[in-house]
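Here is the structure we will look at.
The values are calculated or read from the model by the stated rules, or taken from the named source; none is laboratory data. Keep in mind that what you see is a predicted model, and the values were worked out from it rather than measured. Cβ placement follows ideal geometry from the backbone for every residue including glycine, while neighbour counts extend to all protein chains displayed.
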Amino acid sequence: MIKKLLALALPLAFVVVAHADETEVRKAMEAKLGAKVESVTKSGYLGLYEVYMEGNIFYTDEKMTAFIAGGQLIDAKTMKNTTEERMRKLTAIKFSELPFERAIKQVRGNGKRVLATFEDPNCGYCKRLAKDLQRLENVTVYTFLLPILSEDSLKKSRQIWCASDRAKSWNDWMVEGKAPTGKEDCNTAAIDKNRDFGRKLNISGTPTIFFADGERVPGAISLDRIEQKLSATN
């Protein structure tokens with residue numbers, strides 16, 4: 001129901017629903033859309049409530065006379081995308097609980113700064129990110145193979161995971177363009193588990209980056225922004 005609604009909704013599409021208080025907002029939204037509501041909070045704008053469910057943010061007024069689906073809430077004073085900032089907080093994770101044993105680990109310098117990425121070997125933006133990450137100093141990068149684009153992505157992921165030097169095999173392909181040629185017959189359960197874990201975290205695209213404070217950033221971002229975030233969180 002939610003996917004259908006988002007597909008049909010214009011950026012500020014209004015749908016009439018019943019009057020309710022904060023507790024009833026949760027119940028009404030769950031009944032209307034047939035999904036569990038994870039949180040209901042006041043947005044601080046126009047008397048709207050923020051409703052977070054299934055990885056999406058909706059807004060509704062105090063009386064639940066309407067709700068907004070697929071819209072972005074912008075602070076008129078600062079021009080910041082409030083919805084985007086809230087999504088980063090709502091989708092944050094506990095970094096220490098990531099399954100690091102299922103990641104390719106690369107340490108540069110003292111390795112004190114840390115970040116984790118979920119990447120598909122055939123993702124163009126991931127290749128750009130991989131090249132940028134080569135320029136970072138004093139960092140530990142955990143790369144989780146997440147083949148979601150094609151069968152070839154799965155094949156390459158298995159070949160990279162089965163390599164004697166996984167980091168070298170990954171960088172040879174992502175940075176140098178040298179396709180992996182090794183076998184894929186080792187224990188590759190980690191890749192299947194990564195895909196299950198990715199679905200659990202609602203990761204729908206690659207790359208997806210997680211910083212030490214747990215903040216999630218979907219998509220490739222500039223090296224300057226990565227540096228700023230690493231300096232602020234490590």
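Quick notes on this one:
- Here N202 meets each of (1) within 29 Å of G55 (Cα to Cα); (2) without any contact (Cβ under 8 Å) to a residue 40 or more places away in the chain with one exception, condition (2).
- Whichever residue in segment 9-36 is crowded, with 18+ Cβ neighbours inside 10 Å and within 26 Å of the chain's Cα centre (by Cα) and, among such residues, is modelled with the highest pLDDT: R26
- Condition met for T60 (under 30 Å from T188 (Cα atoms) and crowded, with 16+ Cβ neighbours inside 10 Å): no
- Checking K4 against (1) at pLDDT 75 or above; (2) out of contact with any helix residue (DSSP H, G or I) (no Cβ under 7 Å at 6 or more places or on another chain); (3) among the basic types (K, R), the condition it does not meet: (1)
- When G109 is tested against (1) in the same structural domain as P218 (by TED's automatic domain parsing); (2) in contact with a strand residue (DSSP E or B) (Cβ under 9 Å, 6 or more places away or on another chain); (3) under 27 Å from G198 (Cβ atoms), only condition (3) is not met.
- Top-ranked residue in segment 81-105 [being in a loop (DSSP other than H, G, I, E, B) and either at pLDDT below 85 or among the small types (G, A, S) (or both); ranked as nearest to K200 (Cα to Cα)]: T91
- Residue count for segment 142-167, restricted to those that are surrounded by 14 or more Cβ atoms within 10 Å (Cβ to Cβ) and without any contact (Cβ under 8 Å) to a residue 24 or more places away in the chain: 1.
- Screening L136 with (1) part of a loop (DSSP other than H, G, I, E, B); (2) touching a residue at least 60 places away in the same chain (Cβ under 8 Å); (3) in contact with an Asp or Glu (Cβ under 6 Å, 6 or more places away or on another chain); (4) surrounded by 17 or more Cβ atoms within 10 Å (Cβ to Cβ) gives one miss only, at (3).
- Residues of segment 189-234 that are of a type in the set (S, T, N, Q), closer than 12 Å to F118 by Cβ and in a loop (DSSP other than H, G, I, E, B): N202, S204, T206.
- Any chance G71 is at positive phi and assigned to a loop (DSSP other than H, G, I, E, B): no
- Where K183 falls short, out of the listed (1) at pLDDT 95 or above; (2) touching a Cys at 6+ places or on another chain (Cβ under 7 Å); (3) basic (K, R): (1)
- A count restricted to segment 71-99 and to residues that are in contact (Cβ under 8 Å) with a residue 60 or more places away in the chain and either surrounded by 17 or more Cβ atoms within 10 Å (Cβ to Cβ) or among the charged types (D, E, K, R) (or both) stands at 7.
A quick yes/no check of all residues on (1) surrounded by 14 or more Cβ atoms within 10 Å (Cβ to Cβ); (2) part of a strand (DSSP E or B); (3) in contact with an Asp or Glu (Cβ under 8 Å, 6 or more places away or on another chain):
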| position | (1), (2), (3) |
| --- | --- |
| V114 | yes, yes, no |
| Y125 | yes, no, no |
| T140 | yes, yes, no |
| E184 | yes, no, no |
| N187 | no, no, no |
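- Screening the candidates A130, A116 for the property of being at pLDDT 95 or above and in contact with a Leu (Cβ under 8 Å, 6 or more places away or on another chain) yields one hit, A116.
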